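Laboratory data are not the source of any read-out in this text; all were calculated from the coordinates shown. A quick note: this is a predicted structure, and the numbers were derived from the prediction, not measured. Cβ coordinates were reconstructed from backbone atoms using ideal geometry, including for glycine residues, and neighbour counts include every protein chain displayed.
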Amino acid sequence: MSDISLTASMRSNLLSLQNTQSLMDMTQERLSTGKKVNSAIDNPSSYYTAASLNNRASDLSALLDSMGQGIQTIKAADEGIEAITAFAEQAKALANTARDEAVKDTKGSVEFKFADGFKATANDKITFTVTNLADGTTRDIAFTATADATGDAMGGAIAAAVTGDGVKGATYADGKLEIEAELGYKIEVKSKEGAGMTASVTGSTAASNGNANRVKSAAQFDSILTQIDQLAADSGYKGVNLLQSNSLKVVFNEDRSSSIEVKGVDASSQGLKIDKAVGGWQTDSDIDDAITAVESAISTLRAYATDFGNNYSIVQNREDFTENLINVLTEGADKLTLADMNEESANMLALQTRQQLAVNSLSLASQAAQSVLRLF
């Protein structure tokens, strides 16, 4: 357009109109984006400073997820500790209940005597039942006589045949058969078949070894220990189980220079040093030892709960601090880049007015040139 000549006043008004349009374009961009600094061209210092602040806020936001998961891992362990403590207290109550039971100091044996001149027949048969006092399970031991067997032969054969769980031992001497029950078991005669057995064998038919209630309490105590082990194994979160000696590291800042390591513990019955019931709890000393072990375990669990609670508070406080710091960083970046929408709206209104005035001025400046047309 170099061939077109404009008057000085027209060129001056045109430049003013172009500047006004440029300012309007910039103001429209600020109104549409909400930012006064949209690129490094607008303000290099503010742009890069804000970018640095936003980048740090983004890095810290990523760490917030890690902190949140760390808190959940600690909470899972704390819930496990609480439940295990309840089991331990239940185990202690069982032990105290068993302690109140009287001890039966019995040998727990079944005795038989064979009549003089005893001769067995092929139909002679005797069946014993062995009962576990803890859970009530039973098993039978059957013995069938050999025809014409004497009492000594019969007694010796039965003594050799009566073995297995619940049977401590069996002996035959001087015409007397004696079968002794293991601690926590009862042995009794279930049936005697045949004329020789029913008529020629006499003696006690049943005997228990130990206090059945103590044996049952001991079995229940052992089952609680199993539950403690299972609960400790189930207290993990996303593959980290603080109750199985796993450790957890939670990072608090973007360069990993600030962190905390939560050390795991062994909260199983073995780790708490609680052993299974000894001897069916037929002696007071065995129960006292169990009570002492459980009380020590409860104290240990309370110490674990205190440690985990302290670590939980630390991570929670750091999470809250990080959230607030992210807000501070974001706010600082916004102060450098965000536009004042009220101000920009006022600017736009002023520029629109200026644009209209410039158009009118340009029109007035062109009137001198237009007057030439009147000559034709």
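Order these by the 10 Å Cβ neighbour count, fewest first: D152, D307.
Values: D152 14, D307 18.
Ordered by Cβ neighbours within 10 Å, fewest first: D152, D307.
Which ³J(HN,Hα) values, rounded to whole Hz and listed in residue order, are derived for the stretch 221-228 from phi using the Karplus coefficients 6.51, -1.76 and 1.60 in 6.51 cos²θ - 1.76 cosθ + 1.60 with θ = phi - 60°, glycine and proline given as x?
Coupling constants for the stretch 221-228: 4, 5, 5, 5, 4, 5, 5, 4 Hz.
Figure the gain on full extension for S247 and A350 (residue separation times 0.36 nm, minus the Cα-Cα span) and round it to one decimal in nm. The partial results should precede the final answer.
Numbers: separation 103, 0.36 × 103 = 37.08 nm, distance 6.46 nm.
Stretched fully, the S247-A350 segment lengthens by 30.6 nm.
Could you tell me what a quarter of the Cα convex hull surface of the stretch 109-210 works out to, in nm² with one decimal place?
Details: hull surface 22.0 nm².
Orientation-averaged projected area of the Cα hull: 5.5 nm².
Which of the lysines could a cross-linker bridge to K192, judged by Cα under 20 Å and excluding same-chain residues fewer than eight apart?
Excluding near neighbours in sequence, the set is K113, K119, K125, K176.
Counting other beta carbons within 10 Å of each residue's own, what order do S58, S269 fall into, fewest first? Before the final figure, lay out each step's value.
Numbers: S58 13, S269 25.
With the fewest neighbours first, S58, S269 line up as S58, S269.
What list do you get for M26, M197, M154 if you sort them by fewest beta carbons within 10 Å? If you can, show how the numbers build up before the last one.
On the way: M26 16, M197 23, M154 26.
Fewest-to-most ranking of M26, M197, M154: M26, M197, M154.
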